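First the structure, in the form of structure tokens, and then the observations on it.
The values are calculated or read from the model by the stated rules, or taken from the named source; none is laboratory data. The structure displayed is predicted, hence computed values, not measured ones. Because the Cβ atoms are built from the backbone with ideal geometry, glycine has one as well, and the counts that use them run over all protein chains shown. Calculation scope for accessible area: heavy atoms of the full protein, side chains included, ligands and nucleic acids excluded. Shrake-Rupley method; radii C 1.70, N 1.55, O 1.52, S 1.80 Å.
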Amino acid sequence: MKRLLTLLLCSTLAVFGYSQDTGSLSGKVTGDDGSALEGANVIIKGLRIGATTDGKGMYTLENIPAGPHTVSVSYIGYSRAEELVDNVAGKE
């Protein structure tokens, strides 16, 4: 089985307003060689919020409640990857 998915949360954008209780999260999922992974499943653990990556490996999750969340990515042939997105609410 291939190594863990490379989840580019460093370049993920958490976009929230100053007084809003929800926001959105966008990013790109790539494989070990840096190629975009089309059709990867990206979900916020514990919530019914998820998306599938497009042909460029990009995804957007919307209406995410304020607070820290764990983002989970799965793709056939790869191990599941998870990463905590801290401080996803408030001012940037």
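Which order do K56, K45, K28 take when ranked by solvent-accessible area (1.4 Å probe, heavy atoms of all protein chains), largest first?
On the way: K56 145, K45 100, K28 70 Å².
So the residues, ranked largest to smallest area, are K56, K45, K28.
Between S79 and N41, 0.36 nm times their residue separation minus their Cα-Cα distance comes to what? Spell out each step's value before the answer.
Values: separation 38, 0.36 × 38 = 13.68 nm, distance 1.22 nm.
Difference between extended and current length: 12.5 nm.
Around K56, what is the net charge, scoring Lys/Arg as +1 and Asp/Glu as -1 over all other residues with Cβ under 9 Å from its Cβ? Numbers along the way, then the final one.
On the way: positive: K28; negative: E38, D54.
Charge balance in the 9 Å sphere: -1.
Hey, can you find the accessible area per residue of segment 15-75 for me, probe 1.4 Å, expressed in square angstrom?
Working: 3240 Å² over 61 residues.
Roughly 53 Å² per residue, with all protein chains present.
Once phi is turned into θ = phi - 60°, what whole-Hz ³J(HN,Hα) does the Karplus curve with 6.51, -1.76 and 1.60 give for every residue of segment 50-60, x standing for Gly and Pro?
Using θ = phi - 60°, the values come out as x, 7, 10, 5, 8, x, 9, x, 8, 9, 9 Hz.
Contour minus end-to-end for D86 and E62, with contour as 0.36 nm per residue of separation and end-to-end as the Cα-Cα distance? Let's see the in-between values first.
Numbers: separation 24, 0.36 × 24 = 8.64 nm, distance 1.64 nm.
This chain segment gains 7.0 nm when fully extended.
D54 versus D33, label points 7 Å from Cα toward the beta carbon: distance in nm?
2.4 nm
Taking all protein chains together and a probe of 1.4 Å, list Y59, Y78 from the most accessible to the least accessible. Could you put the intermediate results ahead of the total?
On the way: Y59 10, Y78 30 Å².
Result, largest first: Y78, Y59.
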